[in-house]
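One structure below.
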Amino acid sequence: MKSVTFEDSLFEDCYFEDITSSNTFFKNCTFISTVFYNTDLFEYKFINSRVVNSSFLHNKEGCQLDFSEDNNAYMVYFVSFLGTLAVLPGNIVSALLMDKIGRLRMLGGHPRGQPPPATPTHPPRP
């Protein structure tokens with residue numbers, strides 16, 4: 001179930017198994033002798049509902065994706081865009097420095113751009 005709102009409904013002798021719902025609510029509903037097995041139907045989804053002689057077995061645990069608090073795709077992409085926008089000034093400065101100074105010197109080469117002094121060579125021992 002993705003987005004269903006049940007209002008003023010009666011569920012009697014029902015069996016809900018392996019239900020994952022993102023935006024499902026029960027408003028003013030009555031559940032009589034109903035079994036909920038391996039579902040993510042938690043208490044906040046039952047608004048002004050009565051649960052009589054019913055049981056919740058092996059509820060899903062962990063962080064369930066829930067769109068009931070307006071977590072839509074627009075916000076996900078917007079936050080990702082803001083994160084990318086935050087690193088943009090650093091990327092621009094880095095590109096300008098790379099062009100001006102050079103890649104090897106930026107990576108830790110010799111500070112004045114000159115190659116390091118040559119190591120003296122010794123003649124082979126007789």
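Summary of computed values
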quantity	calculated
Protein accessible area in segment 5-57, 1.4 Å probe - carbon and sulfur %	47
Diffusion coefficient, µm² s⁻¹, Stokes-Einstein with Kirkwood Rh over alpha-carbon pairs of segment 5-57 at 25 °C and 0.890 mPa s	224
Environment charge at residue 92 (Cβ cut-off 14 Å; Lys +1, Arg +1, Asp -1, Glu -1)	0
Point-to-point label distance, residue 3-residue 82, nm (Cα→Cβ direction, 7 Å offset)	2.3
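The values are calculated or read from the model by the stated rules, or taken from the named source; none is laboratory data. This one's a predicted model, so the numbers in the text were calculated from it and none came from an experiment. All Cβ positions, glycine included, derive from the backbone under ideal geometry; neighbour counts span all protein chains shown. Remember, those area values only see protein heavy atoms, side chains included, never the ligands or the DNA or RNA. Shrake-Rupley method; radii C 1.70, N 1.55, O 1.52, S 1.80 Å.
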